[in-house]
Amino acid sequence: MIICRTIKFINFTLILTIIILSASCHSRKNVVNSDEEIDYITSQVENSINAVNNDPTRIPRTITEDGKLRTVGIYGWTSGFFAGNLWYLYDLTGDDKWRKRAIKWTEALDSVQYYTEDHDIGFIINCSYGNGLRLAGIKEYEKVIINAAKSLTTRYNPITKSIKSWNRKKAWDGETEWYFPVIIDNMMNLELLFEATRLSGDNTFKDIAVQHALTTMQNHYRKDFSSYHVVDYDTITGNVLDKATNQGFVDQSSWARGQAWGLYGFITCYRYTKDEQFLQFAENIANYILNHPNLPEDLVPYWDYDATNSKLIPEWDYDPEKYPVVLRDVSAAAITCSALFELAEYNIENSEKYKNKAFKLLESLASSTYMNTDNENNYFILNHSVGSLPHGAEINAPLVYADYYFLESIRRKKKVLN
Ligand code: GLY
């Protein structure tokens with residue numbers, strides 16, 4: 001009798017365990033571990049394509065406050081990420097259907113190669129054409145990359161020794177004029193220039209990239225290796241006129257995505273130059289991020305590392321009642337994750353540490369806390385990013401570039417494991 005009850009109890013516990021496990025497997029889309037979950041991602045992206053009727057000039061970016069899909073045209077700074085996602089899916093699945101789609105969404109961006117009105121051409125062309133060249137070897141893309149690099153170099157100024165991010169514009173207060181604003185994000189555009197030198201043999205592109213990086217090291221960074229968002233220059237003397245924020249909490253604070261752009265950018269500089277000073281600088285930024293007292297346990301940062309500091313009063317209209325819980329920025333986490341995977345590849349003392357942090361971060365991003373469930377949020381993969389809190393835009397929302405760097409992290413993880 002007792003034996004019988006014990007067996008029944010064991011059976012019951014076993015069944016319960018199986019039910020709990022299968023339920024948690026279902027809700028937790030753990031993309032880092034199985035092909036099944038890559039299938040989930042491909043179905044999300046497939047649905048995104050259908051949602052815009054396969055029209056590559058309607059490029060998914062985020063959702064609106066009332067939950068509708070928000071798309072951008074080809075000149076928006078995020079326009080290259082969706083094509084990039086398609087290239088990464090081609091690479092992850094090997095399925096030719098994704099290559100064809102990636103080509104279609106990439107080539108819709110053709111005229112961007114001549115665009116000179118801001119610095120974002122690096123993001124746009126490198127994520128689309130750059131990945132087409134890297135992952136599918138499409139030779140014709142080389143000339144687009146070189147043309148785009150030429151367009152970007154029109155924004156370089158030998159007096160400020162940097163590339164202008166935005167044209168002259170007013171700062172926060174509506175009074176201060178920024179004449180030659182350079183934002184930390186600009187570090188991400190340098191890869192286009194390095195690629196152009198690699199493809200053309202013309203060192204002008206690389207020299208500009210290196211000079212821009214050196215100027216950024218000197219003027220954007222504080223002693224603790226956190227970065228200002230915006231540095232404005234005087235184009236006659238080359239002097240710094242202003243150090244400020246555009247999307248961070250306050251001028252002196254540490255906007256999370258900016259820290260991620262800088263980290264990724266300096267690692268890229270090392271990849272192409274093998275100049276140790278860039279690697280050392282990247283490690284210093286990585287350590288600033290990873291040792292930050294406000295970095296949560298799951299490594300997904302608040303949208304600004306200083307956003308929890310109640311002593312800081314932003315100049316923009318911040319409503320703490322509206323945001324009682326300080327928001328995370330999943331996009332910053334995804335960029336950081338991908339960057340840490342690359343940093344770990346280099347032969348440095350803390351390589352193992354960076355790799356483990358990247359694994360942990362990817363695991364967090366792939367958890368049900370941050371990942372959309374089926375059909376949720378217009379088929380974006382991740383949720384809970386912050387576009388710009390001061391602008392009241394894309395708050396706690398999915399963002400196409402969070403998905404891009406998440407997919408890149410998955411690829412990089414596979415590389416590390418292989
Ligand atoms: N590059 C613009 C942003 O990170 O919001």
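The values are calculated or read from the model by the stated rules, or taken from the named source; none is laboratory data. Nothing here was measured: the structure is a model prediction, and the numbers come from that model. Cβ: placed from backbone, ideal geometry, glycine included. Neighbour counts: every protein chain shown. Please note that ligands, DNA and RNA were not included when accessible areas were found on the heavy atoms of the full protein model with its side chains. Shrake-Rupley method; radii C 1.70, N 1.55, O 1.52, S 1.80 Å.
For region 78-162, which whole percent of the accessible surface, found with a 1.4 angstrom probe, sits on carbon and sulfur atoms?
Heavy-atom surface of region 78-162 belonging to carbon and sulfur, 1.4 Å probe: 48 percent.
For region 146-158, in order, what is each residue's ³J(HN,Hα) by Karplus, 6.51 cos²θ - 1.76 cosθ + 1.60 with θ = phi - 60°, in whole Hz (x at glycine and Pro)?
Rounded to whole hertz, the list is 5, 4, 5, 5, 4, 4, 5, 5, 5, 9, 7, 10, x.
Rounded to the nearest Å, what's the spacing between the alpha carbon centres of region 313-342 and region 102-176? Just the number, please.
Rounded to whole Å, the Cα centres lie 26 Å apart.
Which residue, Ala402, Ala102, Ala51, has the most motion in a Gaussian network model of the chain that connects Cα atoms within less than 10 Å?
In the Gaussian network model the winner is Ala51.
Using DSSP to call loops (not H, G, I, E or B), can you name the chymotrypsin sites (Phe, Trp or Tyr not before Pro) in region 174-220 whose Cβ has at most 16 other Cβ atoms within 10 angstrom?
Tyr179
Using θ = phi - 60° and the Karplus curve 6.51 cos²θ - 1.76 cosθ + 1.60, what whole-Hz ³J(HN,Hα) does each residue of region 404-414 get, with Gly and Pro shown as x?
4, 6, 5, 4, 4, 5, 4, 4, 5, 5, 4
With springs only between Cα atoms under 10 Å apart, run a GNM on the chain and tell me which of Ser388, Ser227, Ser254 wobbles the most.
It is Ser388.
Cut-off under 21 Å on the C-alpha distance; same-chain residues fewer than 8 positions from Lys170 excluded. Which lysines are left, in chain and number order?
Lys243
Measuring with a 1.4 Å probe in the full set of protein chains, what accessible area per residue, in whole Å², belongs to region 186-234?
33 Å²
Using a 10 angstrom Cβ neighbour count of at most 14 plus a DSSP loop assignment to flag exposed GluC sites (Glu not before Pro), which longest range of the chain is free of such sites?
Longest gap between qualifying sites, sites excluded: 176-296.
With everything on Cα atoms, drop me the angle between helix 276-290 and the longest principal axis of the chain, reported from 0 to 90° to the nearest 10.
For helix 276-290, the angle is close to 50 degrees.
Long-range amide H contacts for Asp242: which residues qualify at under 5 Å (H placed 1.01 Å from N, peptide plane, sequence gap of 5 or more or a different chain)?
Asp232
Taking only DSSP H segments of four or more residues, each worth -39500 (n - 2.57), what value at 222 nm results for the chain once the sum is divided by all its residues, to the nearest 500 deg cm²/dmol?
Value at 222 nm, helices only, nearest 500: -16000 deg cm²/dmol.
Dividing the Cα radius of gyration by the Kirkwood radius, what Rg/Rh value follows for the chain?
1.00
Between Trp166, Trp105, Trp255, find the one with the highest GNM mean-square fluctuation for the chain; connect C-alpha pairs within less than 10 Å.
Sorting by GNM fluctuation, first place goes to Trp166.
In terms of modelled amide H atoms, which long-range or inter-chain residues lie less than 5 Å from the amide H of Trp178?
So Trp178 has HN proximity to Lys169, Lys170, Ala171.
From the alpha carbon gyration tensor of region 61-183, can you work out the equivalent ellipsoid semi-axes (sqrt of 5 times each eigenvalue) and give them in Å, largest to smallest?
30, 20, 10
Give the average over all directions of the projected area of the C-alpha convex hull of region 308-418, one decimal, in nm².
8.7 nm²
Under 5 Å between amide H atoms, partner at least 5 residues away or on a different chain: which partners does Leu327 have, H built in plane at 1.01 Å?
Amide H neighbours of Leu327: Trp303.
Read phi for every residue in region 229-240 and hand back ³J(HN,Hα) as whole Hz from Karplus 6.51 cos²θ - 1.76 cosθ + 1.60, θ = phi - 60°, with x for Gly and Pro.
Residue by residue, region 229-240 yields 7, 10, 10, 9, 10, 8, 7, 8, 9, x, 6, 6 Hz.
Please compute the contact order of region 259-418 in relative form: average sequence separation of alpha-carbon pairs under 8 Å and at least six residues apart, divided by the residue count, as a percent.
Averaging sequence separation for qualifying contacts and normalising by length gives 22 percent for region 259-418.
Once both axes come from the Cα atoms, what is the angle between helix 79-93 and the longest principal axis of the chain, in degrees from 0 to 90, rounded to 10?
40 degrees
If you take every residue apart from Ser128 with its C-beta less than 15 Å away from the C-beta of Ser128, what net charge results, scoring Lys and Arg +1 and Asp and Glu -1?
Result for the local shell: -3.
What does the charge count near His119 come to, summing +1 for each Lys or Arg and -1 for each Asp or Glu among other residues with Cβ under 11 Å from its Cβ?
Spelling it out: positives minus negatives among the neighbours equals -2.
For region 241-344, run through the trypsin sites (Lys or Arg not before Pro) and keep only the ones in DSSP coil with at most 15 other Cβ atoms within 10 Å of their Cβ.
Passing both the DSSP loop test and the Cβ count: Lys274, Lys311, Lys322.
Return the carbon/sulfur percentage of the accessible area of region 260-366, one whole number, probe 1.4 Å, all protein chains in place.
On region 260-366, the fraction of accessible area on carbon and sulfur atoms equals 46 percent.
Would you list, by chain and number, the lysines whose Cα falls below 29 Å from the Cα of Lys414, excluding same-chain residues fewer than 8 positions away?
Correct list for Lys414: Lys29, Lys97, Lys100, Lys104, Lys139, Lys274, Lys353, Lys355, Lys357, Lys360.
Output needed: percent of Cα pairs per 10 Å distance bin for region 149-226, bins running from 0 to the one holding the longest distance.
Reading the bins upward from 0: 18, 46, 28, 7, 1.
Near Ala397, within a Cβ-to-Cβ distance under 13 Å, what is the net charge of the other residues, with Lys and Arg +1 and Asp and Glu -1?
-2
Once you keep just the Cα pairs under 8 angstrom separated by 6 or more residues, what percentage relative contact order results for the chain?
Computed over the chain, the figure is 16 percent.
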